[in-house]
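The values are calculated or read from the model by the stated rules, or taken from the named source; none is laboratory data. Computed from a prediction, not measured in an experiment: that's the story for all the values here. Because the Cβ atoms are built from the backbone with ideal geometry, glycine has one as well, and the counts that use them run over all protein chains shown. These area figures cover heavy atoms from the full protein model, side chains too; ligands, DNA and RNA do not enter into them. Shrake-Rupley method; radii C 1.70, N 1.55, O 1.52, S 1.80 Å.
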Amino acid sequence: MLHTSYIEISKSALKHNIKFIKEHLHDNVLLSSVVKGNAYGHGIEQFIPIAEDCGVNHFSVFSADEAQRVKQVLQTNSDIMIMGMLDTDQLEWAISNEISFFVFNFERIENTLKTAKRLNKKARIHIEIETGMNRTGFLKKNINKLLSYITQNLDYLNIEGFCTHFAGAESISNFYRVQKQIKLFKNIKKEMNLPEFSDLKFHAACSAAAIRYPKTQMDMVRIGILQYGFFPTKEVLIDFLSKSKSKNNPLKRIISWKSEVMDVKKIKMGEFIGYGASYFANNNMKIAIVPVGYGHGFSRSLSNRGRVIINGHLVNVVGIVNMNMMSVDVTDLNEVKVGDQVVIIGKQGNFEISVGSFSDYSEQVNYELLTRLPGNLPRIVVE
Ligand SMILES: *Cc1c(COP(=O)(O)O)cnc(C)c1O
């Protein structure tokens, strides 16, 4: 391996998480595995095959480039659904490759029809409805117009689903807003009882909604963060634990991030460590240099406060995190030498560094931290 650090993906942890998710789905609810953002940083190429091995056969992405990466590594004929961006050229690619996609405005449905006619191929579409998030989706008042457009063009438009997305089901502060969305979507669902649409899939739930409001599961759920072993927020975890009268987080983190010691050095009391004067040695110290920095996704904001595990001990970052390196305080460790394993995320001995413990700044820190892990770090699948 030519890299200075690598990511491990645990297949058994994924299997465990998928089992947990399926246990919490009603019968016949299809699980779509959300793999946008490079499978939340886990690596599309590594994640898809193991997810298929765990019985997943539907994947959701944001864009055509992600869909193509998924398609290239599929082992079976799993479905791919694009939930976001597609320009006209990309629409053509999606339709020719029988990839389904969200349609959320009239421009897109018109472009879809034109392209499908030109290709003489049916487009597989999911109609997205605006229910209150105010992002993408058809407004309720336009649904009749939309339906008559669709019913006139059923030769080219295969309507596979009707969907919406909630504006923050992971926080109780959005309870009223989300309940309004659920009600509106259910009303629309009732009106859609037309023979042309007899095997439509209705879907709305992300991880938080599927766990917290099980009635939102309908025909399909789009699950991202849970399968990677994280609750969307602490709040959803606590809510789950109290409802299930349990004390332990039932999910397993599947990602670990590891590097190795690059150098060890003694520092005399009274010296500064690293750039500038941000860390002053009050004692004689020993530090280890780790070849991971903000350029590798270890945020500079973790200067003087981040932690890693070396030889089974939790040690602190000292000084500023550099582009490619950081220093950690190993004064109290007896034997630290070049080549010793450094755990940045994961477990070693009795200690574990979770993704969440990286930082408490943002509620959704897991999502952001994971997707910011550079795509070019090697990802290795382990049992
Ligand atoms: C990202 C996303 C999801 C999955 O969200 P999680 O909270 O990770 O489960 C579901 N639906 C849409 C439209 C999304 O963009």
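Remarks
- Among the candidates Val343, Val330, Val336, Val292, the residue that is under 30 Å from Ala208 (Cα atoms), modelled with pLDDT of 95 or more and crowded, with 16+ Cβ neighbours inside 10 Å is uniquely Val343.
- When Gly137 is tested against (1) at pLDDT below 95; (2) within 22 Å of Met85 (Cβ to Cβ); (3) touching a strand residue (DSSP E or B) at 6+ places or on another chain (Cβ under 8 Å), only condition (1) is not met.
- For Ser198, the conditions (1) more than 17 Å from Ser100 (Cβ to Cβ); (2) away from the ligand (no atom under 15 Å from the Cβ); (3) touching an Asp or Glu at 6+ places or on another chain (Cβ under 8 Å) all hold with the exception of (3).
- Any hit, region 228-236, residues being in a helix (DSSP H, G or I), open to solvent by 10 Å² or more (accessible area, probe 1.4 Å) and at pLDDT below 95: yes
- Elements of type helices (runs of 4 or more DSSP H) contained in region 1-115, each with 1 or more residues being within 15 Å of the ligand (Cβ to nearest atom) and touching a strand residue (DSSP E or B) at 6+ places or on another chain (Cβ under 8 Å): 11-23, 36-40, 44-53, 64-73
- Among residues of region 106-120, those that are among the basic types (Lys, Arg) and closer than 21 Å to Lys201 by Cα, counted: 1
- When region 205-227 is limited to residues that are hydrophobic (A, V, I, L, M, F, W, C) and either at pLDDT below 95 or part of a loop (DSSP other than H, G, I, E, B) (or both), the one that is nearest to the ligand (Cβ to nearest atom) turns out to be Cys206.
- Which numbered condition Asn304 misses (of (1) in a loop (DSSP other than H, G, I, E, B); (2) surrounded by 22 or more Cβ atoms within 10 Å (Cβ to Cβ)): (2)
- Here region 248-268 is the region considered, the condition is being charged (D, E, K, R) and in contact with a helix residue (DSSP H, G or I) (Cβ under 8 Å, 6 or more places away or on another chain), and the residue that is surrounded by the fewest Cβ atoms within 10 Å (Cβ to Cβ) is Lys252.
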